[in-house]
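K.L.:
Mind looking over this structure? Questions follow.
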Amino acid sequence: MRPYRYRVPPAREITPQQTWLNRRALIAAMGAALAAPALPRKATALPEVVPGPFSTDEAQTSFEVATNYCNFFEFGPAKDDPARHAHRLITDPWSVTIDGLVERPGAMAMEDILARFPLEERIYRLRCVEAWSMVIPWIGFPLADLLANVGVRPDARHVLFEGFDDTELMPDHARNLLEWPYREGLRLDEALHPLTILAVGMYGQVMPNQNGAPIRLVVPWKYGFKSIKSIRRISLVAERPVSSWQERAPREYGYYANVNPQVRHPRWHQATERRLHDGGRIRTEMFNGYGEEVAHLYDGMDLSEHY
Ligand SMILES: Nc1nc2c(c(=O)[nH]1)N[C@H]1C(S)=C(S)[C@@H](COP(=O)(O)O)O[C@H]1N2
Ligand SMILES: [Mo]
């Protein structure tokens, strides 16, 4: 997260969803034509989705903005890099390896994940540490469901998540931005909190590649960088892991990264945020407005120290 200039693209620069879908279909068709026989097709539909708890009724960010103004550094640092390059990521077949301190380690195929865990819509605020925010209707399921399914061993204290590290897929200007794979972590109680979900879609459809297909984390009370995209591995561990951003700039990015208007950041004022869809500035809420649900997780902790 270097000091780039960020702006919301004006409407004329935003690819309408239909064009974007057509382009994807075209790219898929081109791929299919080159690799003659049975190229795995991207799932076009999700199983049944029911409304879930904790959803906000605030105005939602448009699909166009949410899919064109992205942070996904594997595909480059500019806000439109992910929309331009993430189609390179092949998301089917995909599996997530679950290992470490679990009773039943192994690789879980995406089909099995979709078949096993009932999907819910969760409309959450997303607050980036760069002081912009969106409201996104995610489709996913509680991470706690997956952890219950594999059985967490009593000595596990944290969960480590890893993205993909196929540097071949990355545009040249992205390869050296971070140590790959992208890594994030949560304390076990944060991971088990019912607000924490693994998302497989948004806006009623399969997750667009640039938003972290086929499966990503969403932790709405923390800065957006905790919500790791395109997860390949989930490890239950005893020691607190070091995230990619902590490793890169430990004074700027803490392990907790709870949204906190009182903790200063050297580059972005955290007291207010810009809602991308209306351009207005609003006050940033402690825990991104989810304090009632999560404040108890941090009882007795000095959050200016454990930032
Ligand atoms: N693998 C991976 N996950 C990532 C990132 C990234 O660069 N790589 N960026 C993070 C940041 S900084 C933010 S704000 C959110 C943005 O999610 P969105 O682009 O879907 O809005 O994704 C997070 N997850
Ligand atoms: Mo972010």
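K.L.:
Percent of accessible area on the chain owned by carbon and sulfur, 1.4 Å probe?
P.N.:
52
K.L.:
Give me the Debye-computed log₁₀ of I(q)/I(0) at q = 0.11, 0.13, 0.14 Å⁻¹ for the stretch 11-296, equal point scatterers on Cα only, no solvent, two decimals.
P.N.:
-0.62, -0.90, -1.06
K.L.:
Under the Karplus relation 6.51 cos²θ - 1.76 cosθ + 1.60, θ = phi - 60°, what is the ordered set of whole-Hz ³J(HN,Hα) values for the stretch 125-136, x standing for Gly and Pro?
P.N.:
Ordered by residue, 3J(HN,Hα) equals 7, 10, 10, 7, 5, 7, 6, 10, 8, 9, 10, 10 Hz.
K.L.:
Using each residue's phi in the stretch 293-302, evaluate 6.51 cos²θ - 1.76 cosθ + 1.60 at θ = phi - 60° and report the 3J(HN,Hα) Karplus result to the nearest Hz, with x for Gly and Pro.
P.N.:
Computed from phi, the couplings for the stretch 293-302 are 7, 10, 4, 4, 5, 10, 3, x, 9, 7 Hz.
K.L.:
A further question follows. Can you work out the accessible area per residue across the chain, with the rest of the protein chains kept in place, probe 1.4 Å, in square angstrom?
P.N.:
46
K.L.:
Please give me, ordered by residue number, the trypsin sites (Lys or Arg not before Pro) of the stretch 173-253 that lie in loop per DSSP and have at most 14 other Cβ atoms within 10 Å.
P.N.:
Arg175, Arg251
K.L.:
If you average the sequence gap of Cα pairs under 8 Å that are 6 or more apart and divide by the length of the chain, what percent do you get for the contact order?
P.N.:
Over the chain, the number comes to 19 percent.
K.L.:
Tell me which GluC sites (Glu not before Pro) from the stretch 116-177 have a DSSP coil assignment and no more than 16 other beta carbons within 10 Å of their own. Please report the intermediate quantities before stating the final value.
P.N.:
Working: sites: Glu120, Glu121, Glu130, Glu162, Glu168; in loops: Glu130.
Sparse-neighbourhood loop GluC sites (Glu not before Pro): none present.
K.L.:
Rounded to whole Hz and in sequence order, give me ³J(HN,Hα) for the stretch 98-105 from the Karplus expression 6.51 cos²θ - 1.76 cosθ + 1.60, θ = phi - 60°, writing x for Gly and Pro.
P.N.:
Taking θ as phi minus 60°, the curve returns 10, 8, x, 7, 10, 6, 10, x Hz for the stretch 98-105.
K.L.:
List the trypsin sites (Lys or Arg not before Pro) within the stretch 125-162 that fall in a DSSP loop (any state other than H, G, I, E or B) and whose Cβ has at most 15 other Cβ atoms within 10 Å.
P.N.:
Those that pass, being in a loop and sparsely packed, are Arg157.
K.L.:
Also, I was wondering about something else. So between Asp145 and Leu192, what do we pick up on full extension, going 0.36 nm a residue minus the alpha carbon distance?
P.N.:
Once the chain is fully extended between Asp145 and Leu192, it gains 16.1 nm.
K.L.:
Multiply the residue gap between His269 and Asp299 by 0.36 nm, knock off their C-alpha separation, and tell me the result in nm, one decimal place.
P.N.:
This chain segment gains 8.3 nm when fully extended.
K.L.:
Using a 10 Å cut-off on Cβ atoms, rank the peptides 292-300, 147-155 from the highest mean neighbour count down.
P.N.:
147-155, 292-300
K.L.:
So, one more: Return the calculated 222 nm mean residue ellipticity for the chain, to the nearest 500 deg cm²/dmol, obtained by summing -39500 (n - 2.57) across DSSP H runs with n ≥ 4 and dividing by the residue count.
P.N.:
-5000 deg cm²/dmol
K.L.:
If you don't mind, there's one more thing I want to ask. Given Cβ point charges of +1 (Lys, Arg) and -1 (Asp, Glu) and nothing else, what value in debye, to the nearest 20, does the dipole of the chain about its Cα centre take? List each step's numbers first, then the result.
P.N.:
On the way: 36 positive and 38 negative charges, 193 e Å.
Once rounded to the nearest 20, the dipole reads 920 debye.
The values are calculated or read from the model by the stated rules, or taken from the named source; none is laboratory data. Just so you know, these numbers come straight off a predicted model, no measurement behind them. Cβ atoms come from the backbone with ideal geometry, glycine included; neighbour counts cover every protein chain shown. With ligands, DNA and RNA removed, areas are computed over all heavy atoms of the protein, side chains included. Shrake-Rupley method; radii C 1.70, N 1.55, O 1.52, S 1.80 Å.
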